[in-house]
1. Could you check region 164-265 for strands (runs of 3 or more DSSP E) lying wholly inside it with 2 or more residues that are in the same structural domain as L89 (by TED's automatic domain parsing), under 19 Å from I101 (Cβ atoms) and touching an Asp or Glu at 6+ places or on another chain (Cβ under 9 Å)?
2. Within region 178-200, track down each residue that is farther than 20 Å from Q144 by Cα, among the hydrophobic types (A, V, I, L, M, F, W, C) and either open to solvent by 10 Å² or more (accessible area, probe 1.4 Å) or away from the ligand (no atom under 13 Å from the Cβ) (or both).
3. Which one is most open to solvent (accessible area, probe 1.4 Å), of the residues in region 210-251 that are over 22 Å from I190 (Cα atoms) and near the ligand (Cβ under 10 Å from one of its atoms)?
4. Out of I314, I269, I337, I329, I need the residue that is surrounded by 15 or more Cβ atoms within 10 Å (Cβ to Cβ) and assigned by TED's automatic domain parsing to the domain that holds C230. Which one?
5. If I ask for residues that are over 18 Å from W143 (Cβ atoms) and in contact with a Lys or Arg (Cβ under 6 Å, 6 or more places away or on another chain), which ones from region 210-240 would you list?
6. Considering only region 120-140, state which residues are part of a loop (DSSP other than H, G, I, E, B), open to solvent by less than 10 Å² (accessible area, probe 1.4 Å) and within 16 Å of the ligand (Cβ to nearest atom).
Amino acid sequence: MTSPSQISAHPDTKSFDVRSIREDFPILQTKIYGKPLIYFDNAATSQKPRQVIDRLVQYYEHENANIHRGVYYLSERASEAYEGARDSLQKLLNAAGRNEIIFVRGATEGINLVASSWGRANLKAGDEVIVSHMEHHANIVPWQLICEEKGAILKVIPINDKGEMNLEAYKSLLSEKTKFVSVVYVSNSIGTINPVKEVIEAAHAYNIPVLLDGCQAAPHLEIDVQDLDCDFFVFSGHKTFGPTGIGILYGKEKYLDAMPPYQSGGDMIKQVSFWRTTFKELPYKFEAGTPHIEGAIGLATAFEYVTNIGRSNIHAYEQKLLAHATQKIAAVDGLRIIGTAKNKIPVISFVVEGAHPLDIGTLLDFEGVAVRTGNHCTQPLMDCFGVSATCRVSLAFYNTVKEIDEFVIALEKVIKKIKS
Ligand SMILES: Cc1ncc(COP(=O)(O)O)c(C=O)c1O
């Protein structure tokens, strides 16, 4: 069994040997309809390395107990592992303090927490909240609801035809009325890496806090929340090689401290009577009830695993995959890539003349290929490109050039079949 402290540097840290990395991911050996799995739906959820799976098994076999409340050995051990995960994630995200790391169910819950708690306490009629045109629904709807409740207005940063954020238009939206900016760091549908440092700097000139939806950034980019200077940062564990049902809300202490609780119940209180309740300090004020203990531990293990491989190694390798995949996919007859930003993670969305994305995805499955089809929870973005759905290839560092080549052969085969 592997515990976080036992994970040593990956043997191929320097050379980035994808073959040995793939051996860490048992699911990649799966055969689908007798064909080797080609898993290209990493933006929806990533696969998990053996180190994470083993850590979860170890937790259930040797450490399982409820945390914070028990005075016995197992409970203390589980509490230590849970809080140790917080310490590890604080370090790996470079947050200034452990109080700034809140365990949540995922990005969706993190954004809802901020929109609900910060929004309810701070927004009033006529205020403005800014999002971009390429947001996931998770970063639109919570803001829409709180704006409706408070009489505030949702403003939208436009994008160009490559799928890049229009920074000048963004800056012209900022004013004394703007109270919050909430933008996606990296688009899940088209892969655009947004110039978030500039977004943050411009907002801070007006003292406006900024939330980054880091769901698609965390699996691909180095995350240093102090260097970014974001005020909030959310991501989901399951997209970052960790368990499902766990995620992180990072928030600067000055904001989190001033925000009222989001959910309430056990473990987040200091004192309860029928007349009055007082709340614990951060981070516990925002962690009501029994948390996803093993999820937090597994997420820290996943982050440690990725760090050991080396973020810069991963980035360099993924950029090669992206260049190769873009060139090969673009060459398919009748195919149009949706989203051609200069800075991208390896996500390629496309449509094919005369072939519905759903049909392509369904037939690709019979070839052992898993891709996502649909609007990717970004309907406003699809509208921008005049499509209702795309096929999306989203790669991770365990994918290979060979898989891309085999995928393109399979894609050409299914398109031919659909059109015949
Ligand atoms: C950019 C982005 N934001 C938010 C979410 C929501 O994540 P979750 O469903 O894990 O809460 C996703 C999921 O696809 C995403 O890609």
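The values are calculated or read from the model by the stated rules, or taken from the named source; none is laboratory data. Since the structure is predicted, the reported quantities are computational estimates derived from the model, not experimental observations. All Cβ positions, even for glycine, are placed from backbone atoms using ideal geometry, and neighbour counts span all protein chains on display. The accessibility values were calculated without ligands, DNA or RNA, using every heavy atom of the protein model including side chains. Shrake-Rupley method; radii C 1.70, N 1.55, O 1.52, S 1.80 Å.
1. 210-213, 232-236, 247-251
2. I193, V199, I200, listed by residue number.
3. Filtering region 210-251 for residues that are over 22 Å from I190 (Cα atoms) and near the ligand (Cβ under 10 Å from one of its atoms), the one most open to solvent (accessible area, probe 1.4 Å) comes out as T244.
4. Answer to the check: I269.
5. Selection gives P219, E222.
6. Hits for region 120-140 are M134, E135.
Residues checked against (1) touching a strand residue (DSSP E or B) at 6+ places or on another chain (Cβ under 9 Å); (2) open to solvent by 20 Å² or more (accessible area, probe 1.4 Å); (3) not small (G, A, S):
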{"position": "F16", "(1), (2), (3)": "no, yes, yes"}
{"position": "L28", "(1), (2), (3)": "yes, no, yes"}
{"position": "I32", "(1), (2), (3)": "yes, yes, yes"}
{"position": "F40", "(1), (2), (3)": "yes, no, yes"}
{"position": "T45", "(1), (2), (3)": "yes, yes, yes"}
{"position": "R55", "(1), (2), (3)": "no, no, yes"}
{"position": "Y59", "(1), (2), (3)": "no, no, yes"}
{"position": "N64", "(1), (2), (3)": "no, yes, yes"}
